[in-house]
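Encoded as structure tokens, the structure appears first; notes follow it.
The values are calculated or read from the model by the stated rules, or taken from the named source; none is laboratory data. Since we're looking at a predicted model, the values are computed, not measured. Neighbour counts run over all protein chains shown; Cβ positions are idealised from the backbone, glycine included. Side chains are part of the model used for accessible areas, which takes the heavy atoms of the whole protein and leaves out ligands, DNA and RNA. Shrake-Rupley method; radii C 1.70, N 1.55, O 1.52, S 1.80 Å.
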Amino acid sequence: MQATLDTHSATPLYLQLEAVLREALASGTWKAGEAMPPERALAEQFGVSRLTLRKALERLEAQGLVQRRQGSGTYVAPRLEQPLSTLTGFSEDMRARGLEPGARWLKRGLFTASPEEVLALSLSPGEKVARLERVRSAQGEPMAIERAALPAHLLPHPEEVKESLYAYLESKGLRPARALQRLRSVAASRQEAELLGIRVGEPVLYIERLSYLADGSVLEFTRSHYRGDRYDFVAELRSNQ
């Protein structure tokens, strides 16, 4: 990795170094979970003081790009890959990766459907929906804000859902057969930033999911905000030849 910092620039050295290191992380110079070179080596490589280096690393840590471990060094923060071709719940997905899923409930109960929920779930105005809103975490670290809505007649007792919504639905014979997802990048609002432990305006992945039962009826309408610095969504494409 070759980069020269401009000591005559109006931009402070630690901000220049932060940009250089962020680009190196994005390009895969160091892999997820891998230890970065020791502070002394990095400081010498870029010709800066260790104080300047630490300020750059602190900013990268605040963005969730690196993890600094006392007495051990600085490590590239792991990223989670979510395949788009498989319909799984958050808890299932985390456990498949050897991570412990967690949740902090924000809302759980029956409410009058909003106009958006009425349209998405094919309901009549005034009908009730079960809303499940929570911050999802892995190993105690916030990963996503998930807001699910289901027709009340399919989930009349939302308070019974403890961890995995899909596991609970399957126990009731309501396993989703297929789903449609839409993804786009948005800037984190103040509320989303506070819940996810990121800065206001940072990019997050906004995902809308409509899942269906085998008979074609809509089961679930979920809107989620995933941390862009922690999640990669991966799709496998096949040739039609």
Wholly enclosed helices (runs of 4 or more DSSP H) of region 1-77 bearing at least 2 residues within 23 Å of ALA144 (Cα to Cα): 13-26, 50-62
GLY126 vs. criteria surrounded by fewer than 12 Cβ atoms within 10 Å (Cβ to Cβ) and at pLDDT 90 or above: yes
Region 29-65: number of residues that are under 20 Å from ILE198 (Cα atoms), in contact with a helix residue (DSSP H, G or I) (Cβ under 6 Å, 6 or more places away or on another chain) and among the basic types (Lys, Arg): 2
Output for region 1-29, where each listed residue is within 21 Å of the chain's Cα centre (by Cα) and either surrounded by 13 or more Cβ atoms within 10 Å (Cβ to Cβ) or of a type in the set (S, T, N, Q) (or both): ARG22, LEU25, SER27
Tabulated pairs, region 178-198, first at positive phi, second outside any helix (DSSP H, G or I), C-beta under 8 angstrom, 6+ apart or interchain: GLY197/GLY64; GLY197/GLU141; GLY197/PRO142
Cβ-Cβ under 6 Å pairs, at least 6 apart or on other chains, region 203-216 side closer than 12 Å to ARG227 by Cβ, far side buried (at least 18 other Cβ atoms within 10 Å of the Cβ) and among the aliphatic types (A, V, I, L, M): VAL204/ALA188
Count - residues of region 22-42 that are over 12 Å from SER72 (Cα atoms) and out of contact with any Phe, Trp or Tyr (no Cβ under 8 Å at 6 or more places or on another chain): 13
Sole residue being within 23 Å of GLY216 (Cα to Cα), open to solvent by less than 60 Å² (accessible area, probe 1.4 Å), within 17 Å of the chain's Cα centre (by Cα) and not β-branched (Val, Ile, Thr), chosen from ALA148, ALA120, ALA152: ALA148
Subset of region 204-241 that is at pLDDT below 90 and among the acidic types (Asp, Glu) - its residue that is surrounded by the most Cβ atoms within 10 Å (Cβ to Cβ): ASP229
Residues of region 182-203 that turn out to be in contact with a Ser or Thr (Cβ under 8 Å, 6 or more places away or on another chain) and modelled with pLDDT of 90 or more, as a count: 1
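Results for (1) more than 20 Å from the chain's Cα centre (by Cα); (2) aliphatic (A, V, I, L, M); (3) open to solvent by 40 Å² or more (accessible area, probe 1.4 Å); (4) modelled with pLDDT under 85, shown as yes or no for each residue.
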| site | (1), (2), (3), (4) |
| --- | --- |
| PRO38 | yes, no, yes, no |
| GLY47 | yes, no, yes, no |
| ARG50 | yes, no, yes, no |
| LEU53 | yes, yes, no, no |
| LEU57 | yes, yes, no, no |
| GLY64 | no, no, no, yes |
| GLN70 | yes, no, yes, yes |
